[in-house]
């Protein structure tokens with residue numbers, strides 16, 4: 001197995017993956033926190049306006065403050081009270097409108113949060129698994145990767161992705177048949193799960209593409225994980241099969257989004273396709 005160099009290039013200008021439930025939940029949580037702060041300031045403003053209005057009503061009871069009524073800019077005590085009352089009515093109307101707005105936004109994002117939880121529950125069931133191998137599928141990994149990025153950022157820990165591309169998969173399928181190929185894929189999936197640590201995730205992205213999500217694993221340790229696969233020689237349906245593959249890996253860089261990591265992982269697979277034209281692949285050998 002020829003290992004391509006892990007990519008540490010500058011991050012492309014890409015947007016977060018559409019439909020990534022974790023990121024949507026994080027954004028909704030941030031907006032709800034901001035909404036709570038605005039509600040707190042709204043009630044604080046209401047308290048100060050009420051206090052100032054009470055002081056104004058109290059001062060209007062002192063007639064000595066309204067002795068110079070002959071000037072055009074002077075007002076009477078009853079006019080002052082009516083003015084304060086009108087301002088209170090306007091403020092209360094604005095307060096009710098703001099409360100209605102906050103409740104509408106909160107209801108909207110709570111609804112989105114419920115939808116995100118429903119999606120997470122769906123992926124935690126067998127629907128988030130590849131039916132042929134029992135590994136996680138792309139939808140689950142896209143969601144889980146967002147959580148792992150948040151954890152790596154919070155704990156300042158490493159996070160790596162390892163890609164595995166089976167060489168000449170279509171030719172193998174034609175040579176040995178679909179039944180034997182399916183058994184070989186299941187055996188490869190078993191070895192991937194065995195090679196993984198307790199916190200790792202193995203997924204099948206396509207017919208011949210696999211991905212390992214390796215939390216708290218630096219680039220220097222990825223090779224050790226992949227070496228646990230051993231030689232990809234197996235007996236399926238009574239026939240001896242030898243699979244060849246190419247691997248590559250990328251690591252999380254500060255500021256990376258899930259799309260950045262997945263795109264760089266896809267670039268490794270593209271490098272494999274280019275290298276394969278020059279017969280740049282060898283059989284995996286244990287170290």
Taking a crude spin-label model, label points 7 Å out from Cα along the C-beta direction, the residue 171 to residue 45 distance in nm is 7.1
Give the peptides 203-212, 253-262 in descending order of average Cβ contacts within 10 Å, highest first.
203-212, 253-262
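Values quoted throughout were computed directly from the atomic coordinates according to the rules given, and no laboratory measurement underlies them. Computed from a predicted structure; not experimentally measured. For neighbour counting, all protein chains shown are included, and Cβ atoms are generated from backbone atoms with ideal geometry for every residue, glycine included.
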